Amino acid sequence: MALVALILLPYLLVLVYALPFTRPVSTLMLSELVLLRGYDRRWVGLDSISPHLVRSVMMSEDGQFCFHGGVDWHQMRGVVQDALDGEATRGASTISMQTAKNLFLWNGRSFIRKGLELPLALGADFVWSKRRMIEIYLNVAEWGPGIYGAEAAAQYHFKVPASKLSARQAALLAVSLPNPITRVAGKPSRGVQRLAGVVERRARGSGEYIRCVYE
């Protein structure tokens, strides 16, 4: 019964986190507390986050965010086929899947985690609006050692509030998300700067791809 309760708890929390006044924390944040390290996270609403960052993260992490129900099945089928063919698999995680992982699961690749992640992403995407999903994601994403959320990241890397991030700063934060420990937004390598330039251009032309957040 304890195991069943542990499995069902995230689904209950999905309902709780739909309430706009709740401020979810990630499993990584909880681990920081358990290890007595502490962390910096300053929750801000989506209207207090620069649209540059919203566009950049969506175009960098999940260009189909507005058009899927939590899982991009087309991309997922490609990954499964690559695995069956014995080829190296590419990432197919949507923002919904990453949010579910951050809130309820753990880092690291495993079929068990992915099996738990998929229904949680589908459930969260069904219950939450797209605005709420991206708001939560941008407030729990890791952007450096002990740095979580857009506000703490903007202050740490660029000494500005999240609402004042420029297009280039937003792009640098977006491309650092896959590995914020080695990709340091405030001190980008040439490779990171090049990727940021690509994301910045995509963000400028995002148009219909972000309508679900700003309509």
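With a 1.4 Å probe and every protein chain kept in, tell me what percent of the accessible surface of the chain is carbon plus sulfur. If you can, show how the numbers build up before the last one.
Values: 6770 of 11270 Å².
Whole-percent figure for carbon plus sulfur exposure: 60.
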- Query: Which ³J(HN,Hα) values in Hz, rounded to whole numbers, follow from the phi angles of the range 32-43 under the Karplus curve 6.51 cos²θ - 1.76 cosθ + 1.60, where θ = phi - 60° and Gly and Pro get x?
  - Reply: 4, 5, 4, 8, 6, 9, x, 7, 10, 9, 10, 4
- Here are some pairs, Lys101/Lys164; Lys114/Lys159; Lys130/Lys159; which of them have Cα atoms lying more than 30 Å apart in this structure? Lys114/Lys159
- Roughly speaking, what is the centre-to-centre gap between the range 3-70 and the range 145-215 when only Cα atoms are used, to the nearest Å? 17 Å
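Using a 1.4 angstrom probe, figure out how much accessible area the chain has per residue, in square angstrom, rounded to the nearest whole.
Values: 11270 Å² over 215 residues.
I get 52 Å² per residue for the chain.
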- Message: I'd like the Karplus ³J(HN,Hα) series for the range 154-159: coefficients 6.51, -1.76, 1.60, θ = phi - 60°, whole numbers in Hz, and an x wherever there's a Gly or Pro.
- Response: 4, 5, 5, 8, 10, 6
- Task: Which order do the peptides 135-144, 186-195, 105-114, 163-172 take when ranked by the mean count of other beta-carbon atoms within 10 Å per residue, highest first?
- Result: 135-144, 163-172, 186-195, 105-114
- Query: When N counts the residues of the range 131-213, how does its alpha-carbon radius of gyration compare numerically with 2.2 N^0.38 Å, as a ratio?
  - Reply: 1.05
- Message: Using Cα springs under 10 Å in a Gaussian network model of the chain, which residue among Ile147, Ile181, Ile49 shows the largest mean-square fluctuation?
- Response: Ile181
- Item | Amide H contacts of Ser50 (H built 1.01 Å from N, under 5 Å, at least 5 apart or other chain) | Ser163, Lys164, Leu165
- Message: Residue by residue through the range 131-145, what is 3J(HN,Hα) from phi via Karplus (6.51 cos²θ - 1.76 cosθ + 1.60, θ = phi - 60°)? Round to whole Hz and write x for glycine and proline.
- Response: 4, 5, 4, 6, 5, 5, 4, 6, 9, 10, 4, 8, 10, x, x
- Query: For Trp143, which sequence-distant residues (separation of 5 or more, or a different chain) have an amide H within less than 5 Å of its own amide H, given hydrogens modelled in the peptide plane?
  - Reply: Tyr148, Gly149
- Among Ala203, His157, Ile181, the residue whose Cα sits farthest towards the positive end of the charge dipole of the range 85-215, when +1 is placed on the Cβ of each Lys and Arg and -1 on the Cβ of each Asp and Glu, is His157
- Task: May I ask you to give the average projected area over all directions of the convex hull of the Cα atoms of the chain, in nm² rounded to one decimal?
- Result: 12.6 nm²
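The values are calculated or read from the model by the stated rules, or taken from the named source; none is laboratory data. Nothing here was measured: the structure is a model prediction, and the numbers come from that model. For neighbour counting, all protein chains shown are included, and Cβ atoms are generated from backbone atoms with ideal geometry for every residue, glycine included. The protein model used for the area step is the full one, side chains on, heavy atoms only, and it has no ligands, DNA or RNA in it. Shrake-Rupley method; radii C 1.70, N 1.55, O 1.52, S 1.80 Å.
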